[in-house]
Structures are given as structure tokens and as C-alpha cells.
Amino acid sequence: MTSTSTHTLPVAALRQAVCDRVRRVVASEPEVIETLLIAMVAGGHTLIEGIPGIGKTLLARTLARCVGCDFRRIQFTNDLMPSDIVGTAVWRPSRESFTFAKGPLFTNIVLADEINRTSPRTLSCLLEAMENGTASVEGRTMQLGEPFLVWATRNGIEFHGTYPIPEAALDRFLVCVELSYPTRELELALYRGTNPEDELGRVEPVMDREQLLELMRAVAGIAVSEPVADYCYRIVHATRSNESIALGASPRAAMCWLRAAKARALLHDRSAVLPDDLIHTARAVLAHRVFVKGSGSSASWIEQILADTPIEL
């Protein structure tokens, strides 16, 4: 699919340009950057997992700059209150009245850093925003940014002072990606390169907010054929019938998976979803929604089910 919009480049060229500019700043694999971009174009939220010091925050800041969106970071802590992220009424003596001071939630992209450190009350406030794109303030419902996307980070090895994220909350994230140590080549390039913050300052947007919204709207027009839909069903049904899996993929998980596959097809200049789009997005979309009974990870079971399920077109 070649873009006929106001873009000066085909969508695939935009995708590559974003990937190239992000990699100037962050030592990250192209597949990770593409997954984040897929979630963004699909209008979904992203959970980023990994140990401290591997560039989760820097990756989010760089990608937000590449797509020309406003970005705010919130450090989640045990004592963070809903008013700290939504905002609160402030008394203005000169006006002798209260006015609402918007919190950091009123932006396009919010980085919820260490999301599992906040209380369930504050988390529920964030989940409302993620579900509806709105925030409840003193009995009023206020619209958040357009687009409104949450990128949350979670440290998978440090659990002191953290709260478990419920399964229903995990389901709010379209994709979950795990960042690991960079490859030898990428890390050596990082050592030899300039300061990442200096590189970030030189990054120019590849597109603006309106162009991103245009791409998000275009996702709905990507076709899904009957054989591709059947392939999707056979995969999710296999997660439900597998005796080693306690909780399989729900119909909503399947719909999210198809939305991500549509976004990938669009980013590769195609007008219809291919099985390859489903295969490349399966782990990121399904693994955090599928829970196994014993040993083994949900990601490994997803990979096994994909390998065992034939493509019938």
C-alpha cells in the first residue's frame, strides 16, 4: 500500500526513517522499535519490561520526538496520588476562585515509569484514561490528548515495594516488549558514539501529530481475508485448549492481535493482512495475556503453537 496522503514518503519509508533515527540514539534492535511503532499506529498502549539502565526511558523519549508528539514522564511511586497525574483545583487569589491545573496525563504520550510501584487507586485512575481517553475530575469528564498513548515500564527483577499488576490491567496494553542487553556490536557502537542526550537533541521528527493520526485512522481500512481470520482463530483456540495453559487468549485478545497485524501491514505498505503480520506480532500481543500452569513461559508456548499450526490460504 503506497500512501496517497500528505506524506512525502510511502509509509514503509516513514517506518524505516523512524527506526534509523531512533537507533542513532538508543542501542535497540529494529524489531523492538517496529513493535513500538506498530502499537502506536494501532492506537494501543505499550508495556516495556527490562532491567534498569538499558534505555527504556530514552527509547520512549526518542520515539515520541520522531513522531512529533508531546511527551511527559511520570515516575510512579508508592505515595503517588491520582491528583498527581490528573491534576487538581488550585485557588487563585487574584480571581478569588479555583481553577483546574492539568496534570501530566494531559499530553499525547505518557511514560508511566515503574508502573508497578504505584497503589491500586492511582493505577485505576490511569487505567480509566487508557480505556476511555478521558479523566474524571471533580465530577466532570475531561478529554485527554489526541492521540493519547501510555508507555509503561516495569522492572522485572526488583519486587521490593511493588504491587502486582492484575490480569485485567495487563490486558489494557496492546503489546508488551522486553528489552535485554544490546548485542556486542550495538553496545560497542554506543561506547564509541557521542552522548545519547546530545544525539536526542539533534533528532528531527519524521512526521507530525496530524500525520500520525492519519496513519491511525488508516489502520481500519486494512483488509482481513477469511483464511487469515481463520488462521488467527486457530491460534487463539489452541491457547484455550492447551492443557499446559491456564488462561488462553480471549476474543478481545484476538481483536487486539488483528489490530496490531493491520498496523504492521500498513507500515509495510500493504492493504491487507498476511499471516506473516500475525506471526510477527503474536508474541508481543498475546504473551502477556496468556498464563501457563507450570514451567515454561507464555512466550515459548505461543511460539510452539505458531510452529504447530499450519497456514492454510
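Bear in mind that the values in this text are calculations on the coordinates, not laboratory data. If you're wondering where the values come from, they're calculated on a predicted model, not measured in any experiment. When we count neighbours, we look across all protein chains shown, and the Cβ atoms used for this are built from the backbone with ideal geometry, even at glycine.
Annotations for the structure displayed:
- Degrees between helix 56-66 axis and first principal axis of the chain (Cα, 0 to 90, nearest 10): 90 degrees
- Listed residues Gly68, Ile305, Pro52: farthest to the positive end of the dipole of the chain (Cβ charges): Gly68
- Loop sites in segment 105-203: trypsin sites (Lys or Arg not before Pro), DSSP, at most 14 other Cβ within 10 Å: Arg202
- Sorted by Cβ neighbour density within 10 Å, fewest at the top, the residues His237, His280, His45: His237, His280, His45
- Applying both filters, DSSP loop and at most 13 other Cβ atoms within 10 Å, to the GluC sites (Glu not before Pro) of segment 210-254 gives Glu243.
- Put simply, the convex hull of the Cα atoms in the chain casts, on average, a shadow of 18.9 nm².
- By the beta-carbon count within 10 Å of each Cβ, the least crowded to most crowded order of Ile165, Ile85, fewest first, is Ile165, Ile85.
- Among Met255, Met40, Met142, Met207, a tally of other beta-carbon atoms within 10 Å of each Cβ gives an order, fewest to most, of Met255, Met142, Met207, Met40.
- Cα-based reach from Lys293 at 18 Å (exclusive), listing aspartates and glutamates while leaving out same-chain residues under 8 positions away: Glu167, Glu243, Glu303
- Packing order of peptides 49-56, 132-139, highest average first: 49-56, 132-139 (average count of other Cβ atoms within 10 Å over each peptide's residues).
- Based on DSSP H segments of at least four residues, each scored -39500 (n - 2.57), the chain has a per-residue ellipticity at 222 nm of -13500 deg cm²/dmol.
- Cα-based helix-to-principal-axis angle, 11-25 vs the chain, degrees rounded to 10: 60 degrees
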